[in-house]
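Asks: Quick one: this structure, given as C-alpha cells, is what I'll be asking you about.
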Amino acid sequence: MLQFFRKKSSCQVAKDRLKILLISDRVNCSPEVMELIKADITKVISKYMKIDTGNMDIQIQTKGSKSGRGKTPVLYANIPILDLHTK
C-alpha cells in the first residue's frame, strides 16, 4: 500500500495524467472521476490481496455491442498481484 503514496517522477506523473485524460475523453468521464474509480478499485482489492499499484493499469475503452446498436464502454484492469492475504 505504501507504493501507492510513493513519489513518482514528473515524467511518470505527466504520462499518467495523459492516460487519464485520453481515457476520460473516450467515454465522457472526467479525469477526477477516473481517479476516484482507480482509488476505489485499489481500496477494495487491497482488502483481499497485496497489489502493485505503481504498475496498475485501468482503462475504459469503447467496444461494439453484441446487438449492433453502437459502442459500449468497457472497463479493463491490469492489476499485478504481489501476495494474497490468507485468513
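Asks: Considering each residue of the range 19-37, count those that are aliphatic (A, V, I, L, M), over 25 Å from LEU82 (Cα atoms) and modelled with pLDDT under 75, and give that number. Can you show your working first?
Replies: Taking the range 19-37 and keeping what is aliphatic (A, V, I, L, M), we get 20-23, 27, 33-34, 36-37.
Checking the rest, the ones that are also over 25 Å from LEU82 (Cα atoms) come to 21-23, 27, 33.
When the remaining residues are screened for being modelled with pLDDT under 75, the result is 21-23, 27.
Going through the range 19-37 one residue at a time, the tally reaches 4.
Asks: Residue under question is ILE58, and the condition is that it be surrounded by 12 or more Cβ atoms within 10 Å (Cβ to Cβ), over 12 Å from the mean Cα position of the chain (by Cα) and not aromatic (Phe, Trp, Tyr); does it hold? Before the answer, list the steps.
Replies: Details: surrounded by 12 or more Cβ atoms within 10 Å (Cβ to Cβ): yes; over 12 Å from the mean Cα position of the chain (by Cα): no; not aromatic (Phe, Trp, Tyr): yes.
Against the criterion (surrounded by 12 or more Cβ atoms within 10 Å (Cβ to Cβ), over 12 Å from the mean Cα position of the chain (by Cα) and not aromatic (Phe, Trp, Tyr)), ILE58 does not qualify.
Asks: Taking interchain pairs and intrachain pairs at least six residues apart, which have beta carbon atoms under 7 angstrom, with the first residue in the range 76-87 and modelled with pLDDT of 85 or more and part of a strand (DSSP E or B) and the second surrounded by 11 or more Cβ atoms within 10 Å (Cβ to Cβ) and of a type in the set (D, E, K, R)?
Replies: Cβ pairs passing all conditions: ASN78/ASP57; LEU82/LYS50; LEU82/ASP52; ASP83/LYS50.
Asks: Could you please find all residues in the range 43-68 being closer than 23 Å to LYS15 by Cβ, at pLDDT below 90 and in a strand (DSSP E or B)?
Replies: If the condition is that a residue be closer than 23 Å to LYS15 by Cβ, at pLDDT below 90 and in a strand (DSSP E or B), then ASP57, ILE58, GLN59, ILE60, GLN61, THR62 are the ones that fit.
Asks: Something else about it: On the given criteria, is ASP40 in contact with a strand residue (DSSP E or B) (Cβ under 8 Å, 6 or more places away or on another chain), modelled with pLDDT of 75 or more and of a type in the set (Asp, Glu)? Even if it seems obvious, please write down each step before you answer.
Replies: Working: in contact with a strand residue (DSSP E or B) (Cβ under 8 Å, 6 or more places away or on another chain): no; modelled with pLDDT of 75 or more: yes; of a type in the set (Asp, Glu): yes.
Criteria not met by ASP40.
The values are calculated or read from the model by the stated rules, or taken from the named source; none is laboratory data. No experiment lies behind these values; they were computed from the predicted model shown. Don't worry about glycine lacking a Cβ; one is built from the backbone with ideal geometry, like all the others, and counts go over all protein chains shown.
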